[in-house]
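Worksheet: one structure, shown below.
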Amino acid sequence: MSVSLRLPDDLNFRLGDLAAKTGRSKTFYMLEAIREHLDDLEDLYLAEQRLLDVRAGRSKTHSIDDVERRLGLAD
């Protein structure tokens, strides 16, 4: 699947400069940036959903002490 992306001139220059200095393609760096940011966005979305579930009473929280006790890790 192809995607077309228009970059602002400053980002395009920086990306091109990085690619030229490292011998990698601009596509390589765009994919790296998307992967990294997408991981962060997915984590954020899941954390926000978890918080909403806890606030709405659809999910429970457990203290670290409780978890350690249940797993037999308490001192």
Give the stretch 1-19 a look and list any residue that's in a helix (DSSP H, G or I) and either open to solvent by less than 80 Å² (accessible area, probe 1.4 Å) or in contact with a Phe, Trp or Tyr (Cβ under 6 Å, 6 or more places away or on another chain) (or both), or say none. Leu11, Asn12, Leu15, Gly16, Asp17, Leu18, Ala19
Single residue of His62, His37 found to be part of a helix (DSSP H, G or I) and of a type outside the set (Lys, Arg): His37
Pairs, please: C-beta under 8 Å, at least 6 apart or cross-chain, first residue free of Cβ contacts under 8 Å to residues at least 24 places away in the same chain and of a type outside the set (Ser, Thr, Tyr) and in the stretch 31-57, second open to solvent by less than 90 Å² (accessible area, probe 1.4 Å) and not in a helix (DSSP H, G or I)? Arg50/Ser59; Asp53/Ser59
When you scan the stretch 42-56, do you find a residue that is surrounded by fewer than 11 Cβ atoms within 10 Å (Cβ to Cβ) and on the phi > 0 side of the Ramachandran plot, even just one? no
Near pairs, Cβ below 9 angstrom, 6+ apart or cross-chain, from the stretch 1-16 (under 13 Å from Thr27 (Cβ atoms) and of a type in the set (D, E, K, R)) to any residue that is modelled with pLDDT of 95 or more and open to solvent by 100 Å² or more (accessible area, probe 1.4 Å): none
Go through (1) under 30 Å from Ser2 (Cα atoms); (2) exposed (fewer than 12 other Cβ atoms within 10 Å of the Cβ); (3) modelled with pLDDT of 95 or more one by one and return the number of the condition Asp39 breaks. (3)
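The values are calculated or read from the model by the stated rules, or taken from the named source; none is laboratory data. Bear in mind the structure is a predicted one, so any value in this text is a computation, not a measurement. Cβ: placed from backbone, ideal geometry, glycine included. Neighbour counts: every protein chain shown. Each accessible area value is taken on the protein alone, full model and side chains, heavy atoms only, with ligands, DNA and RNA left out. Shrake-Rupley method; radii C 1.70, N 1.55, O 1.52, S 1.80 Å.
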